[in-house]
Amino acid sequence: MLLSGKKAVICGIANNRSIAYGIAKVFRDNGAEIALSWPGEALRRRVEPIAEELGAAFTFPCDVTKDDELVAAAETVRNRWDTTDILVHAVAFANRDDLQGRYIDTSRDGFSLALDVSAFSLVGLCRAFESVFHDGASVITLSYYGAQKHITNYNVMGVAKAALEASVRYLAYDLGQRGIRINAISAGPIKTLAASGISGFGKILNHIAAYTPMKKNIDIGDVGNAALFLASPLASGVTGDILFVDAGYHTSGIQIAAGDAE
């Protein structure tokens, strides 16, 4: 198994439809020991049954907006495992009001919140866990095509994901001397709890299914398989990169339905 003997910390599971859940399951099925974080008591009640289902070694609190909790989370992992081989950052948030209408109407507070939770949290986690990472560890975060192109109603989250992708490139240099790799997966749209906050999301799913080269939407297992590659020795020379897992949609230009083409 590709991750036999590896220890993976996974931040961001909300339920069994989360992308992070798909990653955790693939990791578990490939021999990794996993630990799951939860940001507050409300989500703890969701995460702990998932941890039991997946046979996680432990769970721990980690509100990524609080520096002291980031430090405490790293210490918890150090005390339980000494080091970790994999860190998955699957954390993002923006106010629902900022995921509809015009981007220009984003509030200052909404902008700050989205950038803090969705982008700076990766920096904060890497800083807190830097001394806990085993040499050669792998860090994986989740992005979306809206970081690079305009997507209707993605708005401030697109800006936050752009900052996240830039952070991946800069962190790759900070961590690379110890062989620690960091990459992002740019996943196609998936019907998750987080995605439900984007206005018109169902129409986006329908569009993707019609116009990707593979004529389908992806699922959390597809993302889990890509994360397995990035976490494994097979990706030993890959860092600072954005891996698209979107059934090829990012390669597409203007598309016209076959019946409408002339």
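In the stretch 97-116, is there at least one residue being of a type in the set (Phe, Trp, Tyr) and crowded, with 23+ Cβ neighbours inside 10 Å?
No, the stretch 97-116 contains no residue that is of a type in the set (Phe, Trp, Tyr) and crowded, with 23+ Cβ neighbours inside 10 Å.
Criterion first (surrounded by 19 or more Cβ atoms within 10 Å (Cβ to Cβ) and either of a type in the set (Phe, Trp, Tyr) or in contact (Cβ under 8 Å) with a residue 24 or more places away in the chain (or both)) does ALA210 satisfy it?
Working: surrounded by 19 or more Cβ atoms within 10 Å (Cβ to Cβ): no; either of a type in the set (Phe, Trp, Tyr) or in contact (Cβ under 8 Å) with a residue 24 or more places away in the chain (or both): yes.
Here the answer is no, as ALA210 does not meet what is asked.
Pairs only if they're at least six apart or on different chains, beta carbon under 8 angstrom, first in the stretch 124-137 and farther than 14 Å from THR83 by Cβ, second outside any helix (DSSP H, G or I) and β-branched (Val, Ile, Thr); list them, first residue then second.
Going by the 8 Å Cβ cut-off, the qualifying pairs are GLY124/VAL64; LEU125/VAL64; CYS126/VAL139; CYS126/ILE182.
Quick check: is even one residue across the stretch 152-161 touching a residue at least 40 places away in the same chain (Cβ under 8 Å), at positive phi and buried (at least 17 other Cβ atoms within 10 Å of the Cβ)?
Yes, there is a match, as at least one residue in the stretch 152-161 is touching a residue at least 40 places away in the same chain (Cβ under 8 Å), at positive phi and buried (at least 17 other Cβ atoms within 10 Å of the Cβ).
Can you list the helices (runs of 4 or more DSSP H) lying wholly within the stretch 141-255 that have 2 or more residues being within 20 Å of the chain's Cα centre (by Cα), farther than 23 Å from GLY22 by Cα and among the β-branched types (Val, Ile, Thr)?
Filter on the stretch 141-255 gives 155-175.
Could you please find all residues in the stretch 41-57 being on the phi < 0 side of the Ramachandran plot and either surrounded by 14 or more Cβ atoms within 10 Å (Cβ to Cβ) or assigned to a loop (DSSP other than H, G, I, E, B) (or both)?
Listed by number, the residues that qualify are LEU43, ARG44, ARG46, VAL47, GLU48, ILE50, ALA51, LEU54, ALA56, ALA57.
With the structure loaded, tell me whether SER138 is closer than 26 Å to LEU243 by Cβ and either at pLDDT 95 or above or in a helix (DSSP H, G or I) (or both) or whether it fails that test.
yes
Criterion first (at pLDDT below 95 and small (Gly, Ala, Ser)) does ALA35 satisfy it?
no
Confirm whether GLY110 is at positive phi and of a type outside the set (Asp, Glu).
Values: at positive phi: no; of a type outside the set (Asp, Glu): yes.
Here the answer is no, as GLY110 does not meet what is asked.
What about ALA92, is it within 16 Å of ALA166 (Cα to Cα) and outside any strand (DSSP E or B)?
yes
Filter the stretch 4-23 down to the residues that are farther than 15 Å from ILE190 by Cβ and touching a residue at least 60 places away in the same chain (Cβ under 8 Å) and list them by number.
Once the filter is applied, which keeps residues that are farther than 15 Å from ILE190 by Cβ and touching a residue at least 60 places away in the same chain (Cβ under 8 Å), the stretch 4-23 yields LYS6, LYS7, ALA8, VAL9, ILE10, CYS11.
Determine, yes or no, whether ILE180 is within 22 Å of ASN30 (Cα to Cα) and at pLDDT 95 or above.
Considered against the rule, which asks whether it is within 22 Å of ASN30 (Cα to Cα) and at pLDDT 95 or above, ILE180 comes out as yes.
The values are calculated or read from the model by the stated rules, or taken from the named source; none is laboratory data. A quick note: this is a predicted structure, and the numbers were derived from the prediction, not measured. Reconstructed Cβ throughout: ideal geometry from the backbone, glycine too, with neighbour counts over all protein chains shown.
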